1. Please list the radius of gyration and Dmax for the protein assembly as shown, considering alpha-carbon atoms only, with Å as the unit.
2. Return the ratio Rg/(2.2 N^0.38 Å) for the range A:159-259, where Rg is computed over Cα atoms only.
3. Ignore the peptide's own chain and count Cβ atoms of other chains within 10 Å of each Cβ in A:189-200; give me the average, rounded.
4. Where does each of B:146, A:40 land when they are ranked from fewest to most other beta-carbon atoms within 10 angstrom?
5. If neighbour count is taken as other Cβ atoms inside 10 Å, put B:303, B:28 in order from fewest to most.
6. Enter the angle in degrees (range 0 to 90, nearest 10) between the Cα long axis of helix B:7-19 and the first principal axis of the Cα atoms of chain B, meaning the one along which they spread out most.
7. With +1 on the Cβ of every Lys and Arg and -1 on the Cβ of every Asp and Glu, and nothing else charged, how large is the dipole of the range B:1-144 about its Cα centre, in debye rounded to the nearest 20?
8. Compute the Cα gyration tensor for the range B:121-228, then decide on rounded, prolate or oblate, letting a ≥ b ≥ c be the square roots of its eigenvalues: rounded whenever a/c is under 1.5, prolate when a/b is larger than b/c in the other cases, and oblate in all that remain.
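Values in this text are rule-based calculations from the coordinates and carry no lab data. These numbers come from a predicted model, not from an experiment. Cβ: placed from backbone, ideal geometry, glycine included. Neighbour counts: every protein chain shown.
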Amino acid sequence: MELLVCIKQVPDAKDVRLDPKTNTLARDGVESIMNPFDRHALEEAVRIREEQGGTITALSMGPPQAEEVLREAIACGADRGVLVSDRAFAGADTWATSYTLARAIETLGSFDLILCGKQAIDGDTAQVGPGLASRMNLPYVTCVQKRRRVDDTGIEVERMMDDGYDVVRLPLPALLTVVKDINEPRVPSLKGKMKARKAEIPVLSAADIGAEKECIGLAGSPTRVVNVFSPEPRGDRKIFTGTAEEQVDQLIAHLRDYL
Amino acid sequence: MDYFLTEEQEMIVETAREITREKIIPVRAELDEKNEFAASILEDIARADLFGIFVPEEYGGLGGGCFEIVLALEELAKGCVGVATTFAASALGIFPVLIAGSGEQKRKYLPDIAAGRRWAAFGLTEANAGSDASGIQTTAIPDGDHWVLNGTKQWITNGGEAQIYTIVALTDPSKGARGASIFIVEDGDPGFSYGKKEDKMGIRSSATRELIMKDCRIPKDRLVGRKGTGFITVMKTLDVSRPGIASLGVGLGQAALDEAVTYAKQRVQFGRPIIGFQAIQHMLADMATQVEAARALVYAAARHIDAHPRQMSKVSSMCKVFATDMAMKVTVDAVQVLGGYGYMKEYPVEKMMRDAKILQIYEGTNQIQRNVIGQELNKEYA
């Protein structure tokens, strides 16, 4: 099976900073990691390849330093990594990002299954996976917690819901976004690391993927980040402890004081 | 301190470190409590290609030496000495094949070992032959195209979990130590069975069992090296494996030190963190110095051994005795620094102290190590 995994390099949660000019995340000089959900997506692809054979392409849209996360993907089992990078992609929202990724994937060839993490821990929108599937006209399922069966005819998965799960069957080609419950990623192997060290990561520009200027980057983003801030804590907080009866009594007394 | 590792060595350290962080630390307390063998962690170690570190490239390994094993074991030991012992014992079990095996035997066994598909164990110790290894009574009698082994090995690490066992048996009892040979016995060979699993003070995630050979028939090609050279191969094996055990001591000492310093910085008594008190500071200073000294000695010994010198027994024994005595002392001190909390199973240091003890006993007790060093000194000075 031809598998493609979308991987994003994200700032490590504790190092988030804003670029004051664009009100988007400043990525230079900040500790970067592979988006944790994408790690699970990659692990699932490796397991599918172990069962069914095939190849895994790791794809990332990002600044030049995102090459690191593609090497890490190779160390974790991807057969090759491709970076889509161009100054013109900067400031992209999820609409422009899904356009760019779709153009890149169409340039690379055809794939049986595309795997994404549920969401990136910096954006937290969970929109790119579905956006990408919609642009490519692929059936998709989000929040996949388990892969039940996959073969040439299709794939059957469990979609995590608040109170249980749905079992969904889709034909291939298709796209899945996965949650962390789906697997325990393996530690990158020594041979994988060596392969990653020597790997050549091609970089595709906007021109290479035939991307239209109006559809990419800040220009192609209908949404704008106006402000990102930590809200000030408002008002008093009180935590009641004790048995349920005791807590209710305390709460009632407290509300009486306020009224 | 920077030990100027190569890129490949750094990768080994990183990989082992990740296994420790992601796979070992979360489950070590439970494995210890339940006396449970860490099978799934060994699979993680296998998938990470760590089992192949010391196997030559032509058999699917990385072609590393003693130093590379030492690096990996140190990181794994920071997680759990039981898991690290399991790994080390598999290496120990296959070293005789690496050292004295035929091309056929290497081709047959090494690729599986490198891939972590099969594990090994070393069968020397018996009820009447511990420090006095030459007192073994297991015999191997030729019978047509086979050897027939009779005897029982005691306290064998990986017993019952490994598939490949290197057994030291007497092919000529009249010749004493010069009458021993090494054989490969495989799980499933007729007449080969295991005793009960031992209930140990520490390294409880490592499985220890008796190996019972009752008219155990194995094919002729299972003899490793020439008949009668068994103890020569054993000594060469131990020379190369002892730094590995020393490295377990370094990793364990480091982990215990880390717990002690972290605790001493947070624990406030008499109005300040206890690390501010000289009594604690001096303990920590001595612990840290000892760990670093042990590490330097083990690394130096490992690099020396990888240069294939004529003499390696003395430095091999030195690093084993020093690092393991250090680990015992440092773990006891770590429990002391953590005080009441150190005594509780909720905190990791009491397990570390229990795990440390075996390091002074197995692979040659520290008394035997001192014998070796003394005898080598005697030989060196004319």
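1. Rg then Dmax for the protein assembly as shown, in Å: 29.5, 100.
2. Taking the Cα Rg and dividing by 2.2 N^0.38 Å, one obtains 2.10.
3. 4
4. B:146, A:40
5. B:303, B:28
6. Between helix and principal axis, roughly 80 degrees.
7. For this selection, approximately 380 debye.
8. It is oblate, given that a/c is not under 1.5 and a/b is not larger than b/c.
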